[in-house]
Amino acid sequence: MLLRDLLIRIAETYDPKAGTASGVPAQDLLREVEKMTDLPLPHGFSASGYGGKGSASSTPWIGVFGRSINTQAQEGLYLAYIFDSTRTSVTLTMQQGVTKLSDEYPKQGDLRRELKRRARHLRAGMEPELARRWSHTPAFRSSLERPRAYEAASVVARRYEIASMPSEEVLAEELHVASLLLRDAAASYRVWLQQPRENEPFLYEGDQHSTADDPLDGFRPNSSSDYYVRIKGGRRRRERHHEELIEAFGLHVVTRGYTPITQGMYPRDLVLRRPDVDRQRSWLVEGKAVKKGNATQAVRQAVGQLYEYSYYWHEKRGEPKPHLVALFTEDIGHYAEYLEDHGIASIWRTDAGGWAGSPTAESWDLASGA
């Protein structure tokens, strides 16, 4: 069945007064969703329909789950097509799981405030133009607690009127875009919102490193919050541009297929691994904040530290010489060519919030093109 036809048929036949028993047409259709093989789901995604348990939901929905990200609706992040209570519209939304979080925030007002806070945090880490294009705030036209929680839990969304449903091609393309946003947000969620587990599945034994299936299990950047130091004459604020740069870049490279590692890497800023590209060698990253548009000092420091860390922490330990990457908070101009000539790729943040880089950095798929 086409996705377009599925959404329209549910909207036209769903009756919350009919219950959830077998033989109720819309409920049967929702239960069949997980077996449908012709829906335009992105690679690695599955779908399931939900019409309520016991009593029928006023806002039926279809969940779309990235199997490598999350396969349940109780917690974590997932995509969902949620119908409003009148079934005149359906919203494709990136949802935060509500059930588990409601145990921590039993008061509905507190729960919704926390969901909105997390949604803002996740949106802030997205590519700005995409976040603007998906900025719809859902309204499911219900006073019930769960639909209101769904509204608060939405990170990004796109609404479709049933009477003017887009073509199958448009729906498929927008679902694909939503899946990419979900992957980016899931990386942010893993680092920012979940507490590190006591028994992290990351091992550091001598020169050997191994990570679990989650590419962010070994990624624990320092806090990017400003901090204060006491000096003669009072307290002064120091901004952690460096830590924020490492954190943002680490989340970015996960979307390019890399595994970022900070645990056990000190004094190195960041080590990347990507076995499908180079099983033998890692990528050694040194981040620097460019101050007042003057890249000279930042470049000099990056070169010295990359060569030093490569020699003492890799080559002297019998490891292959790593690929070298200098990371900056802004464009370094002609220094990019200088670094290329010395075997160092460079990458920097763009004004648009993306990542640009030297030819070698682009060949390694480290730049985003934004």
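The residues in region 8-35 that are assigned to a loop (DSSP other than H, G, I, E, B) and either in contact with a Pro (Cβ under 7 Å, 6 or more places away or on another chain) or buried (at least 17 other Cβ atoms within 10 Å of the Cβ) (or both) can be counted, and the count is 3. The condition (being outside any loop (DSSP other than H, G, I, E, B), modelled with pLDDT of 90 or more and either in contact with a Leu (Cβ under 8 Å, 6 or more places away or on another chain) or open to solvent by less than 40 Å² (accessible area, probe 1.4 Å) (or both)) is satisfied by just one residue among Ala73, Ala80, Ala163, Ala131: Ala80. When the residues of region 335-370 are filtered to those that are outside any helix (DSSP H, G or I) and aliphatic (A, V, I, L, M), the one that is surrounded by the fewest Cβ atoms within 10 Å (Cβ to Cβ) is Ala352. Just one of Arg281, Arg256 is in contact with a Pro (Cβ under 7 Å, 6 or more places away or on another chain) and of a type in the set (Lys, Arg); which is it? Exactly one of Arg281, Arg256 is in contact with a Pro (Cβ under 7 Å, 6 or more places away or on another chain) and of a type in the set (Lys, Arg), namely Arg281. Residues of region 273-301 that are touching a helix residue (DSSP H, G or I) at 6+ places or on another chain (Cβ under 8 Å) and either of a type in the set (Val, Ile, Thr) or closer than 16 Å to His241 by Cα (or both): Val285, Glu286, Gly287, Lys288, Ala289, Val290, Lys291, Ala295, Thr296, Val299.
Number of residues in region 140-175 that are without any contact (Cβ under 8 Å) to a residue 60 or more places away in the chain, under 24 Å from the mean Cα position of the chain (by Cα) and more than 20 Å from Leu101 (Cα to Cα): the value is 2. Assess whether Thr296 counts as being out of contact with any Leu (no Cβ under 6 Å at 6 or more places or on another chain) and either aliphatic (A, V, I, L, M) or in contact (Cβ under 8 Å) with a residue 24 or more places away in the chain (or both). For Thr296, the condition - out of contact with any Leu (no Cβ under 6 Å at 6 or more places or on another chain) and either aliphatic (A, V, I, L, M) or in contact (Cβ under 8 Å) with a residue 24 or more places away in the chain (or both) - is met.
Taken together, Leu171, Leu101, Leu180 contain a single residue that is part of a helix (DSSP H, G or I) and either within 20 Å of Ser368 (Cβ to Cβ) or in contact with a His (Cβ under 9 Å, 6 or more places away or on another chain) (or both), which is Leu180.
The residues of region 37-48 that are touching a residue at least 24 places away in the same chain (Cβ under 8 Å) and surrounded by 17 or more Cβ atoms within 10 Å (Cβ to Cβ), listed by number, are Leu39, Leu41, Pro42, Phe45. Any residue that is within 22 Å of Ile69 (Cβ to Cβ), touching a strand residue (DSSP E or B) at 6+ places or on another chain (Cβ under 8 Å) and of a type in the set (Phe, Trp, Tyr) - is there at least one of those in region 143-156? Scanning region 143-156 turns up at least one residue that is within 22 Å of Ile69 (Cβ to Cβ), touching a strand residue (DSSP E or B) at 6+ places or on another chain (Cβ under 8 Å) and of a type in the set (Phe, Trp, Tyr). Going by what's in this entry, would Arg112 be described as buried (at least 17 other Cβ atoms within 10 Å of the Cβ), assigned to a helix (DSSP H, G or I) and at pLDDT 90 or above? When the stated conditions are applied, Arg112 passes them.
Taking the conditions exactly as written (in contact with a Phe, Trp or Tyr (Cβ under 7 Å, 6 or more places away or on another chain), of a type in the set (A, V, I, L, M) and closer than 29 Å to Arg132 by Cα), does Val325 satisfy them or not? No.
The values are calculated or read from the model by the stated rules, or taken from the named source; none is laboratory data. Please read all numbers here as calculations on a predicted model, not as lab measurements. Positions of Cβ are backbone-derived with ideal geometry, glycine not excepted, and every protein chain shown enters the neighbour counts. Calculation scope for accessible area: heavy atoms of the full protein, side chains included, ligands and nucleic acids excluded. Shrake-Rupley method; radii C 1.70, N 1.55, O 1.52, S 1.80 Å.
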